[in-house]
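Participant: Okay, handing you the structure first.
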């Protein structure tokens, strides 16, 4: 969906604003604003507000694609900017899931949703917030695992990414640099880099790396490509774009409970299946 819809729309925005002084971080901030507004609209729960929320959420993702395009075309991206992009994704996701949970609770309170009696022995409101929390956590884990295995695939096969250990060192050096006296940097930049360092260390802990993949031969890369190319296509179906698209579709049908259940059940099943198949295929 990124390739056939969101990125082409983003490129139209980039073409329209390229001659201006707009920066990638400014676009990211605008994207976050649209995403947070989407979360607020989801919180009202009624059909008209949910449809409006879906529209704002779509624009948020288009702008999220545009900031990277602007950074590449103008060559004005920064290390902190890369972190800002990811940070905003999590802020927007948090706002959207809280909004959906609030909206469903409001519908239950007004009698519109009508979750009669207990579900799995739970009060309807407990059920709503339980599936909201589980869906949000599931979406985050799915995005983290996709990010990890995608970067590993690109690193080994195409050499497009430095190893996580190298990236960790680069951002540790950047944190040290902006902490020096006389360097203009805000507390927010320091905070973002600290969070990103924790995230990178978590990714490293997901899988023990016996040796640096930078030492792999071309033959090793070809073997890895053949074993994992189909898996990577399947991994892409649990990314943030999938969640956003399913969310918008469910909003069009005015059924946000279905969206939460899809995140928890089929997408988690796909995530776990791919994880174990990956380990078997690569004998990890």
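The values are calculated or read from the model by the stated rules, or taken from the named source; none is laboratory data. Computed from a predicted structure; not experimentally measured. Cβ: placed from backbone, ideal geometry, glycine included. Neighbour counts: every protein chain shown.
Participant: Given the conditions (1) under 19 Å from residue 262 (Cα atoms); (2) buried (at least 18 other Cβ atoms within 10 Å of the Cβ); (3) modelled with pLDDT of 90 or more, and given that residue 113 satisfies all but one, which numbered condition is not satisfied?
Facilitator: (3)
Residue-wise test of (1) free of Cβ contacts under 8 Å to residues at least 12 places away in the same chain; (2) more than 13 Å from residue 96 (Cβ to Cβ); (3) surrounded by 23 or more Cβ atoms within 10 Å (Cβ to Cβ).
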site: 6; (1), (2), (3): no, yes, no
site: 19; (1), (2), (3): yes, yes, no
site: 26; (1), (2), (3): yes, yes, no
site: 34; (1), (2), (3): no, no, no
site: 43; (1), (2), (3): no, no, no
site: 47; (1), (2), (3): no, yes, no
site: 58; (1), (2), (3): no, no, no
site: 67; (1), (2), (3): no, yes, yes
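Participant: Do we have residue 207 as at negative phi, out of contact with any strand residue (DSSP E or B) (no Cβ under 8 Å at 6 or more places or on another chain) and modelled with pLDDT under 60 here? Working first, answer last.
Facilitator: Details: at negative phi: yes; out of contact with any strand residue (DSSP E or B) (no Cβ under 8 Å at 6 or more places or on another chain): yes; modelled with pLDDT under 60: yes.
Spelling it out, residue 207 is indeed at negative phi, out of contact with any strand residue (DSSP E or B) (no Cβ under 8 Å at 6 or more places or on another chain) and modelled with pLDDT under 60.
Participant: Further, regarding this structure: Give me the residue from region 155-186 that is at pLDDT below 65 and under 18 Å from residue 220 (Cβ atoms) and, out of that set, surrounded by the fewest Cβ atoms within 10 Å (Cβ to Cβ). Step through it out loud before you land on a result.
Facilitator: Here is the first cut: in region 155-186, the ones at pLDDT below 65 are 161-163, 182-186.
Then drop every residue that is not under 18 Å from residue 220 (Cβ atoms), which leaves 161-163.
Details: 161: 16, 162: 14, 163: 17.
Per the stated criteria, the residue is 162.
Participant: Hey, another quick one. Checking the condition over 19 Å from the mean Cα position of the chain (by Cα) and buried (at least 21 other Cβ atoms within 10 Å of the Cβ), which residue from 128, 100, 88 passes? Steps first, please.
Facilitator: Numbers: 100 fails: over 19 Å from the mean Cα position of the chain (by Cα); 88 fails: over 19 Å from the mean Cα position of the chain (by Cα).
It is 128.
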